[in-house]
Each structure stands twice: as structure tokens, then as C-alpha cells.
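See structure below.
The values are calculated or read from the model by the stated rules, or taken from the named source; none is laboratory data. Just so you know, these numbers come straight off a predicted model, no measurement behind them. In this analysis, Cβ positions are derived from the backbone assuming ideal geometry, glycine residues included, and neighbour counts consider all displayed protein chains. For the accessible areas, the whole protein counts, side chains as well, though only heavy atoms, and no ligand, DNA or RNA atoms are used. Shrake-Rupley method; radii C 1.70, N 1.55, O 1.52, S 1.80 Å.
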Amino acid sequence: MQKQNETPASTEISFLNCIDLSNPDTQQSVSLLKQACLDCGFFYVTNHGISQEFMEEVFSQSRKFFELPSSEKMKVLRNEKHRGYTPVLDELLDPDNQIHGDYKEGYYVGVEVPEDDPEAHKPFYGPNVWPEDGILPGWRQTMEKFHQQALGVARAVARIIALALDLEADFFDKPEMLGHPIAVMRLLHYAGQISDPSKGLYGAGAHSDYGLITLLATDDVYGLQICKDKDAQPQVWEFVPPLKGAFIVNLGDMLERWSNCIFKSTLHRVLGNGQERYSIAYFVEPSHECLVECLPTCKSEKKPPKFPPIKCGTYLSQRYKDTHANLNVYNKHQS
């Protein structure tokens, strides 16, 4: 078994650009980010304003939830709004290559919208599902605080992306975009299975993310791999090393559509190596009503738009439906 932090044997390692959010030289950050977005769609973000102590507290609280008995976790099972617990094998990201779902369990936390709010009927909006406070004291407060702070980081990254696309810095700050976003945080736990791609066994199957950007915080166990050229045969997979205190940021399919494929959403997957692994993914999307259509700076007579306009809510709902188990599966097991 590998020691923590040890580079897995005979594998490629990807060296990503690092964007320092405290750097006063905005042009340098834009240049580094632009190169990363054209090259592989993945980069690190450091000095993002969330303290290391608080990050460690969030991971500690995440571990406490996943250590609960299965019967407790199933009390907060994922609902139709994608809030709550997702059991092992619930998600199937790469049906062409996986024999069954991902060997990971998760927990979704979204933007808190009270049940009596007129917006609460929309997909991905509504009240969150929380474990009872008596079981995990302070858990909800920790997760809500992290959700809020991570959104601030995402907005800062989106401003640099806007500049890299020759847009105004506040382009993504509009109310219909990140003013009222669909921001979904997902705690993830890989229990220590060993993945074997030759047998269709993965911690998380190969996929690209659906939305605008994803911020990923990880522990120090290797697992995440990226494939910079999804059309290459055979595909070449490279490990992304964990970087303490940093977010790994990747672009989603929605940004690829918006940018007319100038910026890339890159295939990635997780391979288990026999060690437990924890991570926190923070998916950032615009509001339901936002129309995702080719940006004015990304089209020309020679480069017409490759995708038709689509509303964000419509697009996301379909992508989640395609990859998650039907909730009726659990109703049958529990009845």
C-alpha cells in the first residue's frame, strides 16, 4: 500500500498552474489562468481567504458524518432536489466503462431556500437536509459557513475568467448568474477500495463537470486524475497532486459552451488505491433562468456558435438525471 503523499508508481503527474488570489498583479493571474484554461481546464487557487484551520474543521466534520452507521445516514437520503446523502454506487458517471456505480458516498448541501419561498419549487432550490443536531452538534453551522465562504472564492475566480475571455470583470456577477447561483457543495468519501480500470471499477468514473466551475478541496491522498485530450487513443491519464491549503479548480461543460469550446472542460476520474480519501467539491452554476449562449467575444464569422442557447436549470436537471440512481430504488429497499 502506498504511503500518504507518495506518488503512485509508474504514473504521469500533471503540473498545474497556480493562481494566487492575493496577487495584486491581476494581469499575471489572468495570463496564468488563460493558459490553464486553454491547456487543460484545471489549475490551483491559493491564498483564497479560507483559513487552514477552518478547512481542517470542515474535513473533520465531514469524517464524523461518514463514520455514522448506515441507518443514520439513510435518514437523510438524497431527495429529488439533490440535497442529502448519496450512498456508495448511487452515481454512475461513465456507463460505457463502469460495471456499476462509483465507489464513493457523498452528501449534497445547496443554497438554503425556505419552503415557503416562491423560488423553492425550482430544481436544486429549497431547504437543505440536515442530520439531527443531537447526533452531530454544530455540523450544519460548519457546512453553511463553508458554503458561503467557498462562494466568495468562486466569484473571485469567475472575475479572472471573465477577464481571460475579454469580458468585463463583473460579467459573471450579474443577478441571473452568480448573483443568485445554483451553488452545490458535495462532501465525498472514498472508503478505500482499490480501483481497476481494466475491470470497470472506479472511485469515480471519467466525466466532465456540468456547470461553470468546480472548486475541489482534498486531503493528502492521491486519487484525482485528468485526461487532457479525451479524443486520444489510448487516453493518457495524469494524477493531480494534492496541494495543501489550495483548491483545485476545473472548468465545467457550461463554460465550454459559453466560450464556444475556447476554454476546455476536461475529463477527470478518481482511482482508489486502498486508502480512505476525503474531498469536498463545490459546484458553481448560474441561476435557473440564465440563458447560456455563446459569448460575444468567442464567436466570429469564421467561428460561429457550436451550441444552441439553453437555460441553465434545464441543462443541469437533465445531466443529474442521467447520472444518478432513481430514488425509487431506495424506496424498494426500505419498504
Qualifying positions in region 123-140 - surrounded by fewer than 14 Cβ atoms within 10 Å (Cβ to Cβ) and among the small types (Gly, Ala, Ser): Gly134, Gly138
Here are Glu276, Glu238, Glu285: which of them is crowded, with 23+ Cβ neighbours inside 10 Å and either in contact with a strand residue (DSSP E or B) (Cβ under 8 Å, 6 or more places away or on another chain) or at positive phi (or both)? Glu285
Do we find a residue being charged (D, E, K, R), crowded, with 23+ Cβ neighbours inside 10 Å and closer than 23 Å to Cys261 by Cβ anywhere in region 206-216? yes
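Considering only residues of region 76-122 that are among the charged types (D, E, K, R) and touching an Asp or Glu at 6+ places or on another chain (Cβ under 8 Å), which is surrounded by the fewest Cβ atoms within 10 Å (Cβ to Cβ)?
Residues of region 76-122 among the charged types (D, E, K, R): 78, 80-81, 83, 90-91, 94, 96, 102, 104-105, 112, 115-117, 119, 122.
Right, trim to touching an Asp or Glu at 6+ places or on another chain (Cβ under 8 Å) and you get 78, 90-91, 102, 104-105, 112.
Working: Arg78: 21, Asp90: 20, Glu91: 21, Asp102: 28, Lys104: 25, Glu105: 21, Glu112: 16.
Taking the candidates together, the pick is Glu112.
Test Phe65 against the criterion of being in a helix (DSSP H, G or I), over 29 Å from Asp253 (Cα atoms) and open to solvent by less than 10 Å² (accessible area, probe 1.4 Å), and give yes or no.
On the way: in a helix (DSSP H, G or I): yes; over 29 Å from Asp253 (Cα atoms): yes; open to solvent by less than 10 Å² (accessible area, probe 1.4 Å): yes.
In short, yes.
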Got a number for residues in region 35-62 being surrounded by fewer than 17 Cβ atoms within 10 Å (Cβ to Cβ) and under 25 Å from Asp253 (Cβ atoms)? 3
Considering each residue of region 135-171, count those that are hydrophobic (A, V, I, L, M, F, W, C) and over 18 Å from the mean Cα position of the chain (by Cα), and give that number. 11
The one condition Ser259 fails out of (1) open to solvent by less than 30 Å² (accessible area, probe 1.4 Å); (2) closer than 28 Å to Arg83 by Cα; (3) more than 13 Å from the chain's Cα centre (by Cα); (4) hydroxyl-bearing (Ser, Thr, Tyr) is (2)
Can you tell me which residue in region 171-188 is modelled with the highest pLDDT, limited to those that are surrounded by fewer than 21 Cβ atoms within 10 Å (Cβ to Cβ) and in contact with a helix residue (DSSP H, G or I) (Cβ under 7 Å, 6 or more places away or on another chain)? Phe171
Could you please tell me which pairs satisfy a Cβ distance under 6 Å, a separation of 6+ or placement on different chains, a first residue in region 164-185 that is within 27 Å of Phe59 (Cα to Cα) and part of a helix (DSSP H, G or I), and a second residue that is open to solvent by less than 30 Å² (accessible area, probe 1.4 Å) and not aliphatic (A, V, I, L, M)? Leu178/Phe172
Go through Val45, Val111 for me and flag whichever is β-branched (Val, Ile, Thr), out of contact with any Pro (no Cβ under 6 Å at 6 or more places or on another chain), closer than 30 Å to Trp258 by Cα and in a loop (DSSP other than H, G, I, E, B). Val111
What is the one condition in (1) within 18 Å of the chain's Cα centre (by Cα); (2) at positive phi; (3) touching a residue at least 60 places away in the same chain (Cβ under 8 Å) that Met55 does not satisfy? (2)
Could you give me the residue pairs with C-beta distances under 8 Å whose first residue belongs to region 26-45 and is over 13 Å from Leu165 (Cβ atoms), whose second residue is of a type in the set (Gly, Ala, Ser) wherever it lies, and which are 6+ apart or on separate chains? Cys40/Ser14; Gly41/Ser265; Phe42/Ser14; Phe42/Ala36; Phe43/Ala36; Tyr44/Ala246; Val45/Ala246
